[in-house]
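Participant: Okay, here's the structure, questions in a sec.
Every number in this text was worked out from the coordinates using simple rules, so none of it is lab data. Just so you know, these numbers come straight off a predicted model, no measurement behind them. Cβ sites come from the backbone with ideal geometry, for glycine too, and all protein chains shown count toward neighbours.
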Amino acid sequence: MIVEKFIPLTFENTVENGEIEWASPSNIALVKYWGKKENQIPENQSISFTLNECKTITKLSYILKDNKTDDFDFQVYLDGERKLDFEPKIKTFFNRIYNYVPFLKNYKFKIETKNTFPHSSGIASSASGMSALALCLMSIEKQLNPKISKSFFNKKASFLARLGSGSASRSIEGDLVVWGKHNDIEGSSDLYGIKYPYKVHENFKNFQDTILLVDKGEKQVSSTVGHNLMYGHPYAKQRFDQANSNISVIKNILESGDLEAFIALVESEALTLHAMMMTSMPYFILMKPNTLEIINKIWGFRKETKLNICFTLDAGANVHILYPENEKEQILEFIKTQLVAYCQNGHYICDSVGLGAKKM
Ligand code: PMV
């Protein structure tokens, strides 16, 4: 699909005002996206689990302006409080998507948002936040053009969300989502994420993710800066090739249910992401001592019990612990007794794989 398909040529209806609310989830990548080209096109394909509990809920209220001005008119509220510092990021997002959402300058918007996870948890809210807002805008487009199909709605929502934050393209629809054109994944695209279209083994149904909050501070290095450091990175090409081949590998794993191979791939991906950070120029380390303590404890516990527990990491110090639902009891007990001590203020979040965004 070419980008022009996302530019609406006419609108059938006029809509004066209204409000719309969406709850959109965060996601955790198994094969990681790190590095992008112009216009938020990924350098490599990625695949993620959609989370069930970590969500952003956004209500968008809109009133048609008397006169269309050449400016965006909006205010952002987080938990009921005006957030002026969020507004430049939303303005950048609106500028990027304006071509595809030409009614943006016709309305005055109020964006009211809240997260089901604590804002200062170190959990990236850009994926859930940008996708929730993109879905709200698509709901307005649907009122203006009621004939758009569900499939177009979801594709364009993901397309718009991507222009806000790359990983947000993977937060619209489906428990497993692929973003980035790949020969082995039919329908995949660099422009939007798609619901993983193949058979998934029972072992991965309702997979569990316990997020250990090791460091709740602001990210030391933004992902935008991180992605840019892949330009001229000495291992960039090898990394992008590896991610491409890991998509083919994970496709077989997801079908066969091979948990041992899943663990090896997921942990290698997490450490490779951080290795890219450590080998860029300038270099940086986002893991903390407790991140490593937790990883070593997980390895020890896995060796001892043969349970299928593994970890993955985002661009931060927090650890996502992934495991099958049928091992939940023993693994949660291990987390509570052995790992919580390494979390900031003992905080962790129990989550599982969910199905995507929901209209409220
Ligand atoms: O969506 P961004 O630009 O914040 O990038 C996120 C990148 C990682 O979270 C580190 C990996 C991923 O694929 O989600």
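Participant: Among 248, 210, 132, whose Cα sits farthest toward the positive end of the charge dipole of the chain (+1 at Cβ of Lys/Arg, -1 at Cβ of Asp/Glu, about the Cα centre)?
Facilitator: 132
Participant: Is there a quick way to get the dipole size of the range 52-209? I mean about its Cα centre, with the Cβ of Lys and Arg at +1 and of Asp and Glu at -1; what is the value in debye to the nearest 20?
Facilitator: With only Lys, Arg, Asp and Glu charged at Cβ, the dipole is about 420 debye.
Participant: Around residue 18, which amide H atoms from residues at least 5 apart in sequence, or from another chain, sit under 5 Å from its own amide H, with H modelled in the peptide plane?
Facilitator: Under 5 Å from the amide H of residue 18: 62.
Participant: In addition: Given 221, 277, 357, which one lies farthest toward the positive end of the charge dipole of the range 218-360, if we put +1 on the Cβ of every Lys and Arg and -1 on the Cβ of every Asp and Glu?
Facilitator: 221
Participant: Determine which aspartates and glutamates satisfy two conditions relative to residue 288: a Cα distance under 16 Å, and not lying fewer than 8 residues away in the same chain.
Facilitator: 215, 218, 314
Participant: Does the range 207-352 come out rounded, prolate or oblate by the C-alpha gyration tensor, with a ≥ b ≥ c the root eigenvalues, rounded set by a/c under 1.5 and, if not, prolate when a/b is larger than b/c and oblate if not?
Facilitator: oblate
Participant: Only four residue types carry charge here, +1 at the Cβ of Lys and Arg and -1 at the Cβ of Asp and Glu. Report the dipole size of the chain about the Cα centre in Debye, rounded to the nearest 20.
Facilitator: Dipole of the chain, to the nearest 20 debye: 580 debye.
Participant: Say the dipole of the range 1-81 comes from +1 at the beta carbon of Lys and Arg and -1 at that of Asp and Glu; which of 22, 8, 47 then lies farthest toward its positive end?
Facilitator: The residue sitting farthest along the positive end of the dipole is 47.
Participant: For a quick check of your reading of the filter: which GluC sites (Glu not before Pro) in the range 1-54 sit in a DSSP loop and have no more than 14 other Cβ atoms within 10 Å?
Facilitator: Here the sparse-neighbourhood loop sites are 12, 16.
Participant: Now for a different question. Given a cut-off of 26 Å, name the pairs among 251/359; 37/110; 205/359; 83/359; 110/195; 91/147 whose C-alpha atoms lie farther apart than that in the structure shown.
Facilitator: Violating the 26 Å limit, Cα to Cα: 251/359; 37/110; 110/195; 91/147.
Participant: Another question, then. Got a sec? How would 34, 22, 299 order by Cβ neighbour count within 10 Å, fewest to most?
Facilitator: Ordered by Cβ neighbours within 10 Å, fewest first: 299, 22, 34.
Participant: While we're here: So which GluC sites (Glu not before Pro) in the range 146-217 are both in a DSSP loop and have at most 15 other Cβ atoms within 10 Å of their Cβ?
Facilitator: Within the range 146-217, the qualifying GluC sites (Glu not before Pro) (loop, at most 15 other Cβ atoms within 10 Å) are 186.
Participant: Here's something else I'd like to know. May I ask you to list the trypsin sites (Lys or Arg not before Pro) in the range 237-309 that are in a DSSP loop and have at most 15 other Cβ atoms within 10 Å of their Cβ?
Facilitator: 306
Participant: With the Cα gyration tensor of the range 3-198 giving a ≥ b ≥ c as the square roots of its eigenvalues, does the rule (a/c under 1.5 for rounded; else a/b larger than b/c for prolate; else oblate) give rounded, prolate or oblate?
Facilitator: oblate
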